[in-house]
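The values are calculated or read from the model by the stated rules, or taken from the named source; none is laboratory data. Predicted model only: the values in this text are computed from it and were never measured. All Cβ positions, glycine included, derive from the backbone under ideal geometry; neighbour counts span all protein chains shown.
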Amino acid sequence: MIRVLFVCLGNICRSPMAEAVFRKQVQDAGLADAIAVDSAGIGGWHAGERPHRGTLAVLAAHGVDASGLCARQVTPVDIRNFDYIVAMDEENLDGLERLGARVGERVFRLLDIVPDSPMQNVPDPYYSGNFDLVYDLVERGCAALLQKIRQEHGL
C-alpha cells in the first residue's frame, strides 16, 4: 500500500480538500486498493473538527465526497510511515522539517510537481476566502501527484 499524507496549517481547508480530491482521483483510477490517503495539520488547533464550511461547499459543488474528514495534527510517526508527504506551502514544509522530515523526493509542496504552475504555494483560503482557486490548484496538483505515483510504482 502506497501511503500519501497531505499537510497544511490547521487541517481544515487545504489538506482535507486535497485528501478528498485525491481519494476521488485514486478511486476513479481503480487504485483504491493500492493507494491510501490521509491529511493532517502542522498545528493541533482544530483537531477533531470537520473541514471549514468553504472547503465542504466547494467539494460538494464538484461532487467530491467529504465524509470521514476530521482534522488532526501531524506527528513524527507520520513522517516515518507515509511514502509521500505533500505540503501545501513553504511554511508547512518548514513545519515538517521541524518534525524530522527531509524535503526531497517524498516530501514536497503540491505545486512543485505541477508543470508550468503559476504558483508555488497553495494559498490558505481560511484568510482569503478563495476556495474556488484553491480547489483548482489542488485538483491540478493531485492529478500530477497521481501521475507521479503511477510512474514511480508502475501502476
## Note on the structure
Per the filter on the range 14-39, residues in contact with a Leu (Cβ under 6 Å, 6 or more places away or on another chain) and without any contact (Cβ under 8 Å) to a residue 60 or more places away in the chain are P16, A20, D38
### Query
So which residues in the range 102-122 are under 18 Å from I85 (Cα atoms) and in contact with a helix residue (DSSP H, G or I) (Cβ under 7 Å, 6 or more places away or on another chain)?
V103, V107, R109, L110, L111, I113, V114, Q120, N121, V122
### Task
Examine the range 109-129 for a residue that is hydrophobic (A, V, I, L, M, F, W, C), under 15 Å from V7 (Cα atoms), surrounded by 13 or more Cβ atoms within 10 Å (Cβ to Cβ) and more than 15 Å from the chain's Cα centre (by Cα), and state whether such a residue exists.
no
## Note on the structure
Of the residues in the range 103-136 that are part of a helix (DSSP H, G or I) and of a type in the set (S, T, Y), the one that is nearest to P76 (Cα to Cα) is Y126
### Task
Please work out if C8 is surrounded by 21 or more Cβ atoms within 10 Å (Cβ to Cβ), within 19 Å of R106 (Cα to Cα) and of a type outside the set (D, E).
yes
### Summary
Residue pairs within 7 Å by beta carbon, gap of at least six or interchain, first lying in the range 68-88 and surrounded by 23 or more Cβ atoms within 10 Å (Cβ to Cβ) and at pLDDT 95 or above, second among the acidic types (D, E) and not in a helix (DSSP H, G or I), listed first then second, are A71/E49
## Note on the structure
Filter the range 89-106 for residues that are within 19 Å of P16 (Cβ to Cβ) and touching a strand residue (DSSP E or B) at 6+ places or on another chain (Cβ under 8 Å); the one that is surrounded by the fewest Cβ atoms within 10 Å (Cβ to Cβ) is G95
### Query
What helices (runs of 4 or more DSSP H) completely inside the range 1-102 contain at least 1 residues that are within 16 Å of the chain's Cα centre (by Cα) and farther than 19 Å from L133 by Cα?
14-28, 76-81, 90-98
